[in-house]
Structures are given as C-alpha cells and as structure tokens.
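Starting off with a structure, shown below.
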Amino acid sequence: MHFTETSPTILLVSILVLAMFSAYFSGSETAMMALNRYRLRHLVKEGHRSAARASELLKRPDRLLGVILIGNNLVNFTAATLATVVGLELFGDIGVALAPVVLTLFFLVFSEVAPKTIAAYNPERVAFPSTYLLTPLLRLFNPFVVAVNAVSNLLVRPFVPNTRDSHADHLSLEELRTVLHEGARIPKRRQDMLLSVVDLEKVTVDHIMVPRNEILGIDIDDDIDGILAQISTSQHTRLPVYKGNINSVIGVLHLRRAVRFIQQGTFTKAELLALTREPYFVPEGTPLHTQLFNFQKQKRRIALVVDEYGDVIGIVTLEDILEEIVGEFTTDFAANMPEIHPQPDGAYYIDGSAVLRDINRALGWSLPVEGPRTLNGLILEHLEFIPEANLCLRIGDYLIETLQIKDNMVVNARVDRLPD
C-alpha cells in the first residue's frame with residue numbers, strides 16, 4: 001500500500017489527538033479516585049451539579065473504571081497501530097521496531113505521568129469537568145462495561161467477597177483523629193477541642209478527679225457555726241456532706257439553696273440535711289465520654305468516684321470533663337497551678353501531688369499519663385521502690401531530682417525537660 005505525501009502528517013496529527021484523549025482518560029481516572037468523598041458529599045448537599053454527577057459515577061466505581069479503561073485502551077491501541085504504519089512508511093522495517101519504543105515514551109510522559117500528576121494535585125478541577133464526557137460515555141459503552149465488569153468481578157470474587165461494600169467510607173476513631181490532626185482546615189483551638197472530644201474515651205474519671213485527700217466537704221458532726229462559715233467562704237457551688245469521713249457521705253448540698261436560709265439567721269443541721277440531694281456514685285475507670293452521657297442522663301453535675309470496695313477515692317464534676325474538651329477556663333493555666341514553681345534556670349519545682357495531665361497542659365510537656373496520676377506516683381512506679389534519700393532519675397525526655405521525701409512519698413521534685 002502506498003501513502004500520499006500528506007498521509008504521514010495526517011497520521012501523526014491523529015496520534016497527537018489520540019494522545020490527548022489518553023491523557024484525558026488517565027487524568028480522569030486519577031482525579032475521580034482522588035476526590036475527597038466527605039467534601040464531595042458536602043458539595044452535593046450544597047447543590048453542586050458537577051459534584052452530584054461525580055458522586056453518581058462513584059456509586060459504581062467498577063463501572064466508572066470500566067468505561068475509563070475501555071476508552072483508554074481503545075485510544076492507546078489505535079495510536080500504536082497508527083504509529084506502526086507511520087514508522088513503516090517513513091523508515092521501513094527499522095521504523096516498525098522504533099515506533100513502539102518512541103510511542104511508549106511519548107505516551108508515558110504526556111498521556112500518563114503528566115496528566116495523572118496534575119489530576120492528583122487538582123482532583124476537583126479535573127474530575128468535575130470530566131463528568132460531562134464520562135457520563136454519556138458510560139451510557140454509550142454500557143453493554144461493554146457490564147460485560148467486562150461481569151467477567152472481572154467473577155475473577156476477583158475470591159479476593160474481594162463483596163465488591164460494593166469494599167468501597168464504603170467508614171472512618172475509625174484513629175483515622176478520624178488523623179484527619180482532624182492533619183487534614184482539617186480549621187483553627188487550631190477548634191481542632192484541639194475536636195481532638196479532645198475524640199480522646200474522651202481514652203481518659204477515665206480517675207485521671208481528672210479531685211483525689212480523696214483534697215476533697216472539700218461539710219462534716220455534719222462539726223458545730224453549726226463552723227459549717228456556716230465554711231458555706232459562706234466556699235469557692236464551690238456544691239459540696240458533699242458527710243458524717244465523720246467522706247466514706248460516710250450523706251448527700252450533696254447546693255450552696256445557693258442554703259444561702260437563703262443562712263440569711264434568715266435560723267439555720268439548723270436538720271434544715272441542711274433536708275436541702276441535700278442523695279449522693280451520686282460512679283465506679284473508677286469510667287471513660288469520660290460515658291460519664292458525660294451519664295451526667296446528662298442523671299441530670300447531675302458532681303459525682304463521687306468509688307473503687308471496687310466501695311470506698312470513695314475522689315470526686316469528679318461536669319466542669320472537669322468540659323475542661324478536658326475546651327481547656328481550662330482561666331486565661332493562664334500555669335499561673336493558676338500553685339504546685340508548679342518556675343526556676344531561673346528553666347527548670348520547675350513541682351509538688352509530688354501535682355496531677356500529670358495538669359502538668360502537661362500547663363507546661364506543654366508530654367509526661368506519661370498511662371498509669372499513675374501524680375508526679376509522685378510516676379516517680380515511684382519508675383523506681384519500683386520508695387527512696388530513703390533524694391536521688392536523680394530520667395523518665396523519657398525529663399530529668400527529675402527529688403527534693404523532699406516524707407511519709408513514703410515524694411513531696412517535691414525538680415523537673416527539667418532535656419533539650420531536643
């Protein structure tokens with residue numbers, strides 16, 4: 001067969017056009033698969049038509065990939081055939097051998113790598129316009145797509161039991177945490193709040209409760225004048241009422257209810273007991289997200305934490321849980337922690353009773369919080385014995401020197417964070 005002088009030119013132009021179609025199919029495939037499914041759903045709810053078309057196509061990704069691959073292979077094989085003819089016409093048998101190599105390099109750069117890279121970085125800008133052509137092509141090639149998918153699905157069935165459900169979008173908590181931490185375009189403070197909500201299940205009431213030795217309450221055995229003075233000067237709105245010790249708790253008193261009777265000047269212990277509400281107990285180890293729902297269900301704001309023997313080991317409030325989500329309500333948390341004393345050399349003198357989570361929050365540290373709650377507990381757990389004299393130790397990136405040991409506990413320690 002002999003070609004006219006314009007035949008190679010026409011064939012080369014045809015190959016360039018086919019290369020453009022190949023680039024379109026390659027870019028469309030990458031862009032459609034790279035779309036953020038959650039943003040896509042948002043755009044659909046907002047009435048974005050192109051997003052709606054893309055969402056419809058992605059409902060059956062096997063058919064979408066089928067039509068893209070059919071079109072891409074049809075274009076590539078046609079281009080390969082034309083390239084062979086051009087090579088034979090221009091260079092003879094050598095051209096036939098060179099045509100596949102040259103065409104492969106050309107298509108690899110301009111029809112595969114380049115369009116897919118552009119699509120990966122701009123999925124919406126590529127995918128949405130592509131839907132105008134992909135939708136009618138899917139209808140046109142539907143019989144072929146269905147046939148190809150039927151065969152391919154039959155082949156992959158042993159490896160993918162349910163091909164439709166395998167594409168369902170479900171985020172685990174760890175994946176959601178990663179999305180919020182790295183992929184969410186929201187202000188840092190809101191991001192921290194959302195992460196705190198996700199992390200509520202990792203924190204229990206034991207981590208944030210006020211320990212038993214720090215609980216402020218009303219001992220009904222005290223004289224009435226002392227009780228009235230305590231009520232008048234208390235910084236809390238609710239106080240537990242007990243007899244002798246906190247394990248013999250009677251109830252919880254809302255101080256606002258007591259103020260009215262105090263002002264009348266005839267307040268008795270009997271009236272105080274009448275104003276108390278029965279105590280609300282929760283077991284140690286209760287996750288914060290569970291306790292938050294329990295507070296809501298029980299319409300409570302304060303609970304007494306008990307161990308497996310029924311002894312009170314602390315007290316937790318709704319405000320404590322809210323502070324885990326939104327942070328401290330004070331503007332300078334570190335300045336409001338009397339247990340932390342900064343030193344000129346950058347180290348800190350910290351009371352052994354200071355809660356590790358509070359220390360981390362105040363100083364931006366990452367002392368381990370799995371296990372002991374307090375700095376004293378962390379030191380003793382690491383040492384595995386109670387020291388008789390002051391000593392130094394290293395826990396992770398922190399150098400700790402005990403300053404005072406009394407009654408089998410570390411009363412005070414010097415803590416310094418080692419440089420990175």
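Could you give me the percent of Cα pairs per 10 Å distance bin for the chain, shortest bin first, beginning at zero and ending with the bin that holds the maximum distance?
Result returned by the calculation: 4, 14, 17, 15, 12, 11, 10, 8, 5, 2, 1, 0, 0.
What residues have an amide H closer than 5 Å to that of Ile302, excluding those fewer than 5 places away on the same chain, when H is modeled at 1.01 Å from N in the peptide plane?
Leu318
Continuing with this model, one more query. How fast does region 267-310 diffuse by Stokes-Einstein, in µm²/s, taking the Kirkwood radius from C-alpha pairs at 10 °C and 1.306 mPa s? Please report the intermediate quantities before stating the final value.
Values: Rh = 12.1 Å.
It comes out at roughly 131 µm²/s.
Loop by DSSP (not H, G, I, E, B), at most 10 other beta-carbon atoms within 10 Å: where is the longest site-free stretch of the chain for chymotrypsin sites (Phe, Trp or Tyr not before Pro)? Could the numbers behind the result be given before it?
On the way: sites that count: Phe159, Tyr309, Phe329, Phe385.
Within the chain, the longest run free of exposed chymotrypsin sites (Phe, Trp or Tyr not before Pro) spans 1-158.
Quote the charge dipole size of the chain about the Cα centre in Debye, to the nearest 20; the model charges only the Cβ of Lys and Arg (+1) and of Asp and Glu (-1).
So the dipole magnitude of the chain works out to roughly 2340 debye.
Shifting gears a bit: Please report how far the C-alpha centroid of region 39-99 lies from that of region 206-264, rounded to the nearest whole angstrom.
75
Let me ask another. If each residue of separation counts as 0.36 nm, what is the full-extension length gain between Arg60 and Leu133 once their alpha-carbon separation is subtracted? Don't jump to the answer; show the numbers that get you there.
Details: separation 73, 0.36 × 73 = 26.28 nm, distance 1.66 nm.
Full extension of this stretch gives 24.6 nm more.
Determine ³J(HN,Hα), in whole Hz, for all residues of region 275-291 in sequence, where each value follows from phi through the Karplus function 6.51 cos²θ - 1.76 cosθ + 1.60 and θ = phi - 60°; x replaces Gly and Pro.
Values, residue by residue: 8, 6, 9, 3, x, 10, 10, 9, x, 4, x, 5, x, 5, 5, 5, 5 Hz.
Work out the charge dipole of the chain with +1 on the Cβ of Lys and Arg and -1 on the Cβ of Asp and Glu about the Cα centre, then indicate which of Val148, Asn390, Tyr38 is farthest towards its positive end.
Comparing the listed Cα positions along the dipole, Val148 ranks first.
Let me ask something additional. In the chain, which longest range has no GluC sites (Glu not before Pro) that are both DSSP loop (not H, G, I, E or B) and surrounded by at most 12 other Cβ atoms within 10 Å?
No qualifying site falls inside 47-307, the longest such stretch.
Read the figures in this text as sums done on the coordinates, not as results from a lab. Everything quoted here is computed from the prediction, not taken from an experiment. Glycine gets a Cβ as well: all are built from the backbone with ideal geometry, and neighbour counts include every protein chain shown.
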